[in-house]
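Here, each number is a calculation from the coordinates, and none is a lab measurement. As the structure is a computational prediction, the values presented were derived from the model and not from experiment. Using ideal geometry, Cβ is built from the backbone for each residue, glycine included, and neighbour counts are taken over all protein chains shown.
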Amino acid sequence: MQPSTRCAEFLSKPSSFVFAACMFLLVGCMPPATPDTPDPDEPAPDDALPLIELTEEPRDKTDWELITDQMNTNGTITKEIALQAFALLMGDIPGVTPPTGEPSDVSCGTLPVFWISQFADELSADELAAIESALGTSTDDGIDTARVAIFGDHSCTTGNDAISEDQDGAEVYRPILDQELAKLEQAFGRPLGIPVYISLGLGKAGGSVLAWASPQASSSCATEAATSCRIEIFVNREQFNDENELRRVLSHELTHCYQATFTPATKALRKPHWLLEGFPEYVSYVLNPTAKRGWFNTYASTPLKHLFTRTYDAVGFYFQLHTVGVPVIDRFETAFGAEDNSEAFAYLVQPEEVEFGDTWASSFALEMTRGSAWFMPEAPNGLKSYVSMGQLDNGKRFYANPGEAGVRIAHIDFNADIVSFKATGPMNGRIGWDNMGDVLLSDVNGLLFCRKDGGCMCPEGSTGSPTQIPIPANSAIVAVSGTTMATTLEIAGFSLDEYCQDDSVPEPPAAEGVDPCIVGNWVSDEWVLPGPFSDLDGRGGNNAVVNIRANGVATWDFDNMQPITTEDDQIGVVTELYSRGTATAHIAAGDGNWDISERDITQLDAFAIDNILGQSALVGGPGLFVLLGDGAYTCSGSLLSYSSVDPVTDATVSVTLHKQ
């Protein structure tokens, strides 16, 4: 006896097997549906098991984190966020008090200047005066080094407001800037193509900002790429006594100059913050490997933070791409020109999406002893892991749904009798059994494990067929990554009682025309769904469960059934066909004939996922080939072999099931 199924309703047409030929020919029987990105906080079904409680290691947030935490998941900022950021990093503003947290290490002032410039028309006279005063601070009283062009062009200057030579005193920085620019030009594979000028200023007392960059255009920042770039260096910073830090900061600012040549300057400054600031920070670390990597700490200590809300701390995302073999710098310009977060993210991960998805979440464990997928090789030594902790008891579940570009990771102690694993989507992620190695989510999807001490045998006086597969370890780190498509993982805990039934409950009387051999619980083995030719045969379909009673009444449970997967190597298409949910029917079986009547598949949900079309709906799905249609059979006690004919291709489909 299986636990009660928990599935969504789906309207299906009972008579259709046409999904097979259509999907293998890559021509959908229905228009392909655009896959939804599930909300990580979506409400659970009414009959879902309650979630386990997760505890997180406490940590004190920085003042910068307290500001950026106010963004929504798309990284949208408000005037209040912009005012707080400027007051924290660049200069005091009347009536604005930044949040108090651990001191941040924001060394680039480009972002707070750009943010505040977006709200120029909404600033009061006092706010505007304070901002202009902060940006106009200079070591030369005769020169306004900020040149923000009345804020109208979003921190980009034009015409007479632009500078065209280095400020006096900049000669001490010029050789180092030119050296860093040469390194950047080699990394990008092309020259910057525009001159860079240096201005000097004084940063806010006690602040962390060391420099900021401002693109300059000949006539319009809104319609043309930068024709020159200015970098303002705050000369009152002790950090510049460390040449490594100076080089890192100049590399970061010069990367902003590159960004302003990819697209019109104003448009460049409007790009998502994880692109605008996270990438320059990554480049500065790559070109200056001995410089400090402070933003790795924020990245590594916030695994649940969505990528699209990150700023400088997105540096760890780019290093993870680099670790799995993505040529990050080569691909960045195209990603920077994308229309939105999703398009940019998809382009960056595309070359190694599977490997990236299977290692991104797990890298936050920071445990080298678990294997290469469980740490960040480019991170500074000594970083602390912030993995949530929880315990899975009977009647509880752990649910991870990071959505697109998100991560979920937790250490789970398994304290239930029986533990089930069910994943959906591309199944990006892995399970790290404590002291027992690791497996991919696809390796455990649909499996049941026995955790109960002494085994999972039903007690005397009852019958049932619970799993006898021992769980590899009593605890594990569970890591789930959301890439371009969402992966979900549910780990549920059940008591042994849910799999055992009292012998006193009578089996219904045997019905004429029902072969006694077929009565019982059956589980499908892997089977083949023939394609138009053998190279396109699909494989999978194991772990469908069928319960057949002596009166011929049968129930099907497809929630743990593995997808049928086909790969077309010539065009690089991988297609997965899924059936989920339940079905019922009456079976008459005898003399090798298998006859189905009273079939109800209205609770059967079916869909296809491929790496070209995404997700699309199916009617019935591959589950229809598992005893759910008229066909032929043989039964030998513990094995049930069944075959039916695909009405579209006329191919014979054979499925073998074993008795539980």
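Could you tell me the center-to-center distance, by alpha carbons, between region 599-660 and region 520-560 in angstrom?
What the calculation gives is 6 Å, centre to centre.
Sort the following peptides by mean Cβ neighbour count (other Cβ atoms within 10 Å, averaged over residues), highest first: 406-413, 288-295.
On the way: 406-413: 22.4, 288-295: 17.5.
Highest mean packing first, the order is 406-413, 288-295.
What are the ³J(HN,Hα) values, in whole Hz, obtained from phi via the Karplus relation 6.51 cos²θ - 1.76 cosθ + 1.60 with θ = phi - 60°, for each residue of region 529-539 in sequence order, with x given for Gly and Pro?
Once rounded to whole Hz, the list reads 9, x, x, x, 8, 4, 5, 10, 4, x, 9.
DSSP loop GluC sites (Glu not before Pro) in region 48-131 with at most 14 other Cβ atoms within 10 Å of their Cβ, which ones?
On the way: sites: Glu53, Glu56, Glu65, Glu80, Glu122, Glu127; in loops: Glu53, Glu56.
Taking region 48-131 and a limit of 14 other Cβ atoms within 10 Å, the loop GluC sites (Glu not before Pro) found are Glu53, Glu56.
With θ set to phi - 60°, apply the Karplus curve 6.51 cos²θ - 1.76 cosθ + 1.60 along region 352-363 and write out the HN-Hα couplings as whole Hz, x wherever there is a Gly or Pro.
So the J values, rounded to whole Hz, are 9, 4, 5, 5, 4, x, 7, 10, 5, 5, 5, 4.
In whole angstrom, note down how far apart the Cα centers of region 193-238 and region 420-497 are.
Comparing the Cα centres of region 193-238 and region 420-497, I get a distance of 54 Å.
With a 10 Å radius around each residue's Cβ, average the other Cβ atoms per peptide and rank 584-592, 223-231, highest first. Mind showing how you got there, number by number?
Numbers: 584-592: 17.1, 223-231: 20.9.
Peptide ranking by packing, descending: 223-231, 584-592.
With a cap of 10 neighbouring Cβ atoms within 10 Å, and only residues DSSP puts in a loop, list the chymotrypsin sites (Phe, Trp or Tyr not before Pro) found in region 474-533. Mind dumping the intermediate values first?
Numbers: sites: Phe494, Tyr499, Trp522, Trp527, Phe533; in loops: Phe533.
Within region 474-533, the qualifying chymotrypsin sites (Phe, Trp or Tyr not before Pro) (loop, at most 10 other Cβ atoms within 10 Å) are Phe533.
For region 49-131, state which trypsin sites (Lys or Arg not before Pro) are in a DSSP loop and have at most 14 other beta carbons lying within 10 Å of their beta carbon.
Numbers: sites: Arg59, Lys61, Lys79; in loops: Arg59, Lys61.
Of the trypsin sites (Lys or Arg not before Pro), the ones in loops of region 49-131 whose Cβ has at most 14 other Cβ atoms within 10 Å are Arg59.
Whole-Hz ³J(HN,Hα) for each residue in region 326-337, computed from phi via Karplus 6.51 cos²θ - 1.76 cosθ + 1.60 with θ = phi - 60°, x for glycine and proline: what do you get?
7, x, 4, 5, 4, 9, 5, 4, 5, 4, 5, x
Take the residue pairs Lys79/Lys204; Lys292/Lys384; Lys396/Lys422 and return only those whose Cα atoms are more than 18 Å apart. Don't jump to the answer; show the numbers that get you there.
On the way: Lys79/Lys204 21 Å; Lys292/Lys384 16 Å; Lys396/Lys422 14 Å.
Too far apart for the 18 Å limit: Lys79/Lys204.
Contact order normalised by length for the chain, with contacts defined as Cα pairs under 8 Å and 6 or more residues apart; what percent is it? Could the numbers behind the result be given before it?
Working: 1506 pairs, mean separation 94.2, N = 660.
For the chain, the relative contact order is 14 percent.
For region 63-270, give me the percentage of DSSP beta bridges that are antiparallel, rounded to the nearest 5 percent. Show your work: numbers first, answer last.
Details: 6 of 15 bridges.
Of all bridge pairs located within region 63-270, approximately 40 percent are antiparallel.
With n ≥ 4 as the cut-off for DSSP H runs, can you work out [θ] at 222 nm for the chain, using -39500 (n - 2.57) per run divided by the number of residues, rounded to the nearest 500? Write down the numbers at each step before the final one.
Values: 16 runs with 140 residues, N = 660.
The per-residue figure over the chain is -6000 deg cm²/dmol.
Give me the percent relative contact order of region 441-573, please, defined on Cα pairs under 8 angstrom at least 6 residues apart. Each step should come with its number before you reach the end.
Details: 182 pairs, mean separation 27.3, N = 133.
Dividing the mean separation by the residue count of region 441-573 yields 21 percent.
Considering Cα pairs under 8 angstrom that are at least six residues apart, work out the relative contact order of region 63-270 and quote it in whole percent.
Values: 350 pairs, mean separation 43.0, N = 208.
Relative CO of region 63-270 lands at 21 percent.
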